[in-house]
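**Student:** A single structure is presented below for examination.
The values are calculated or read from the model by the stated rules, or taken from the named source; none is laboratory data. All values reported here derive from a predicted model rather than from experimental measurement. Methodologically, a virtual Cβ is constructed for each residue, glycine included, from the backbone with ideal geometry; neighbour enumeration extends over all protein chains shown.
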Amino acid sequence: MNYLITGFPGMGKSTIAAELKRRGHIAYDPQTMRLMHVESRLTGKHIQPPEQVPHDWYDAVGAYNWDPVKISRLLSEPGDVFICSLAHNQYEFYNRFKLIFVLTLDPTELENRLLNRPGQTIGKSPSELADIMSKHESFEQSILNHGAIRLNAALPISETVDKILDHVRDSSAQA
């Protein structure tokens, strides 16, 4: 079975993937695996985002997408596969996931995480931070409307992963 763990930048998706792997599960972070790219919304061709991404640029110009062939390959692997990621085109794959989890934070904690993540640049420029802060709640709600399970990203990673695995076990027992 396939499981998606999604949420805005700073929610802990990569850390959750690492913890799932540490516990012996198959977990992927497509961003760190270079299975994602920015596509022009107009032409569908790969493009490079500007160094300083203007407000609403990802809505109007570029989409940060999974590579459909490579993601499909991961989702075809046997056993339980966890994808820990956020992509503009992830909705195209929702039917391939048994469960979808959305990581949530209150706005103050999200802003704090984005501004203080070492080695990360996403959300540090004023325009990117404004974009994320203005959209994260509506994004979370749209995922919840697709039947996602809400997870509090403020919890310690070990507790969050325990909750994910509890839901996976419960869904397998009900099948």
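**Student:** Which ranges mark the strands (runs of 3 or more DSSP E) fully within the stretch 70-154 that have 2 or more residues being at pLDDT below 90 and more than 16 Å from the chain's Cα centre (by Cα)?
**Tutor:** On the way: elements: 81-84, 99-104, 149-152.
Ranges flagged: none.
**Student:** Can I ask one more? What are the pairs with Cβ atoms under 8 angstrom where one residue, in the stretch 132-152, is within 15 Å of L4 (Cα to Cα) and the other, located anywhere, is of a type in the set (F, W, Y) and loosely packed, with under 13 Cβ neighbours inside 10 Å? Sequence gap at least six, or different chains.
**Tutor:** If the second residue must be of a type in the set (F, W, Y) and loosely packed, with under 13 Cβ neighbours inside 10 Å, the pairs left are H146/Y91.
Each row is one residue, and each column tells you yes or no for (1) under 18 Å from the mean Cα position of the chain (by Cα); (2) surrounded by 21 or more Cβ atoms within 10 Å (Cβ to Cβ).
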position: E19; (1), (2): yes, no
position: H46; (1), (2): no, no
position: Q52; (1), (2): no, no
position: W66; (1), (2): yes, yes
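**Student:** Residue by residue through the stretch 10-32, note down the ones that are closer than 16 Å to Q90 by Cβ, part of a loop (DSSP other than H, G, I, E, B) and touching a Phe, Trp or Tyr at 6+ places or on another chain (Cβ under 8 Å).
**Tutor:** If the condition is that a residue be closer than 16 Å to Q90 by Cβ, part of a loop (DSSP other than H, G, I, E, B) and touching a Phe, Trp or Tyr at 6+ places or on another chain (Cβ under 8 Å), then P30 is the only one that fits.
**Student:** May I pose another question? Looking at Y64, Y28, which one is touching a residue at least 24 places away in the same chain (Cβ under 8 Å) and more than 22 Å from Q141 (Cα to Cα)? Don't jump to the end; show me each part of the working.
**Tutor:** Working: Y64 fails: more than 22 Å from Q141 (Cα to Cα).
Going through Y64, Y28 in turn, the sole match is Y28.
**Student:** Right, something else. Can you pull out the residues in the stretch 76-95 that are surrounded by fewer than 15 Cβ atoms within 10 Å (Cβ to Cβ) and not small (G, A, S)? Don't jump to the end; show me each part of the working.
**Tutor:** Let us first name the residues in the stretch 76-95 that are surrounded by fewer than 15 Cβ atoms within 10 Å (Cβ to Cβ), namely 76-79, 91-92, 94-95.
Those that are surrounded by fewer than 15 Cβ atoms within 10 Å (Cβ to Cβ) and not small (G, A, S): E77, P78, Y91, E92, Y94, N95.
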